[in-house]
Ligand code: HGY
Ligand code: MN
Ligand code: MN
């Protein structure tokens, strides 16, 4: 029976489009930064939908949300799915929320079919996966899996100094459930956020691994001075220093091609005045590679580049590595369950390594875990034009349903 039930793709699509109205931007994307009022509104809608689907809803102390559908065996840990509700400032309608609402669709489908699983089923929404407002990324699934302690998680502050703990209280999502519990298996469905599946006309990505990441914060301090009378040779221009390191970061990515990624996406210039030589610049660096040793080489190259530029331009420098998430191999049995579900549905699929980080990366430390990818248009994400087709959205959720059901039986 369970291998013939089909998710309701139209219902999933309309839920996605309904949710996309919350934080909608003029260009068709969403801006739902973690723990803002917009994030709260989306959370509230998700909680309402979970309750309407008969779930009991639990919020833990990091604001992670769990919608639970009981099974025959309350003694068994839940088979869990989920992703994140928060977005990038210029985010899309699918990144994260697709995985959350696919989990809800799995529950809605089981309700329609009157199927009682052995293990409970849970759909989760993890706080601040993006790491955009509060760094680092995946911090709440990180606390759940023991990578960070609770105090570290709650004390993460945004650039205005507001902490996650304060903001959770403010929006009413400072739950009282402890952070962390047994999980029988975890599956996350997500758009690929890159071009591989679309280029190869594949419907499903069977995610075997996720690449490693290192995040840094760099501050260069020179000296503010007048843009007119100050001779070029005597300047201590912090922005020139940042510019040279930004070029070096790109070079580090290219030097470790084809798999390395290297990005500077955040820069703050002080005093940011057109006719004052910048005295201080703060910027963030994001290095990634699937191989840990290569990622370490990229780390070393960055440190050399920062030191050389600081010396050449007579700048004081502060370089802090604020986050290291090693490459993640997902659970072979869970990966095989995803592959079997794709094959059972005759869906074109391929194994793939995730270029992006996901909550599944950290949950894999405490539960057998794997991911399901679907293509996104042009491989574009973290962009308001992010798009996916209703067919692919439904296909990914169908694979999710079948992979979860396989693990939800008590055998
Ligand atoms: O940065 C990432 O890979 C994810 O979108 N947080
Ligand atoms: Mn995501
Ligand atoms: Mn993202």
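The values are calculated or read from the model by the stated rules, or taken from the named source; none is laboratory data. Keep in mind it's a predicted model, so treat the numbers as computed, not measured. As a convention, Cβ positions derive from the backbone with ideal geometry for all residues, glycine included, and neighbour counts pool all protein chains shown.
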**Message:** Exactly one condition in (1) more than 15 Å from ligand 2 (Cβ to nearest atom); (2) surrounded by fewer than 24 Cβ atoms within 10 Å (Cβ to Cβ); (3) outside any helix (DSSP H, G or I) is false for residue 383; which is it?
**Reply:** (1)
**Asked** Mind checking whether some residue in the range 90-106 is outside any loop (DSSP other than H, G, I, E, B), within 13 Å of ligand 3 (Cβ to nearest atom), modelled with pLDDT of 95 or more and farther than 22 Å from residue 57 by Cβ?
**Response** yes
**Item:** Matching entry among 92, 99 (being farther than 19 Å from residue 65 by Cα, buried (at least 23 other Cβ atoms within 10 Å of the Cβ) and under 14 Å from the mean Cα position of the chain (by Cα))
**Value:** 92
**Item:** Members of the range 341-371 found to be in contact with a strand residue (DSSP E or B) (Cβ under 7 Å, 6 or more places away or on another chain) and part of a helix (DSSP H, G or I), listed by number
**Value:** 342, 359, 360, 361, 363
**Request:** Kindly provide the set of residues from the range 74-89 that are crowded, with 24+ Cβ neighbours inside 10 Å and within 16 Å of ligand 3 (Cβ to nearest atom), ordered by number.
**Result:** 82, 83, 84, 85, 86, 87
**Asked** Within the range 150-170, how many residues turn out to be touching a helix residue (DSSP H, G or I) at 6+ places or on another chain (Cβ under 7 Å) and away from ligand 1 (no atom under 16 Å from the Cβ)?
**Response** 5
**Request:** Among the residues of the range 61-89, write down those that are within 19 Å of the chain's Cα centre (by Cα) and either at pLDDT below 95 or part of a strand (DSSP E or B) (or both).
**Result:** 65, 66, 80, 81, 82, 83
**Prompt:** Which of the residues that make up the range 112-129 are at positive phi and touching a residue at least 12 places away in the same chain (Cβ under 8 Å)?
**Reply:** 128
**Asked** Given the conditions (1) buried (at least 23 other Cβ atoms within 10 Å of the Cβ); (2) under 22 Å from the mean Cα position of the chain (by Cα), and given that residue 38 satisfies all but one, which numbered condition is not satisfied?
**Response** (1)
**Fill in**
Restricting the range 201-242 to residues that are surrounded by fewer than 17 Cβ atoms within 10 Å (Cβ to Cβ) and under 32 Å from the mean Cα position of the chain (by Cα), the one nearest to ligand 3 (Cβ to nearest atom) turns out to be 217
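For every residue, the table says whether it meets (1) away from ligand 2 (no atom under 16 Å from the Cβ); (2) surrounded by 23 or more Cβ atoms within 10 Å (Cβ to Cβ); (3) over 22 Å from the mean Cα position of the chain (by Cα).
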site: 321; (1), (2), (3): yes, no, no
site: 328; (1), (2), (3): no, yes, no
site: 345; (1), (2), (3): yes, no, yes
site: 362; (1), (2), (3): no, yes, no
site: 372; (1), (2), (3): no, yes, no
site: 376; (1), (2), (3): no, yes, no
**Item:** Identity of the residue in the range 130-162, without any contact (Cβ under 8 Å) to a residue 24 or more places away in the chain and outside any helix (DSSP H, G or I), that ends up surrounded by the most Cβ atoms within 10 Å (Cβ to Cβ)
**Value:** 148
**Request:** Evaluate the following for residue 183: is it in contact (Cβ under 8 Å) with a residue 24 or more places away in the chain, closer than 30 Å to residue 76 by Cβ and either within 16 Å of ligand 1 (Cβ to nearest atom) or over 17 Å from the mean Cα position of the chain (by Cα) (or both)?
**Result:** yes
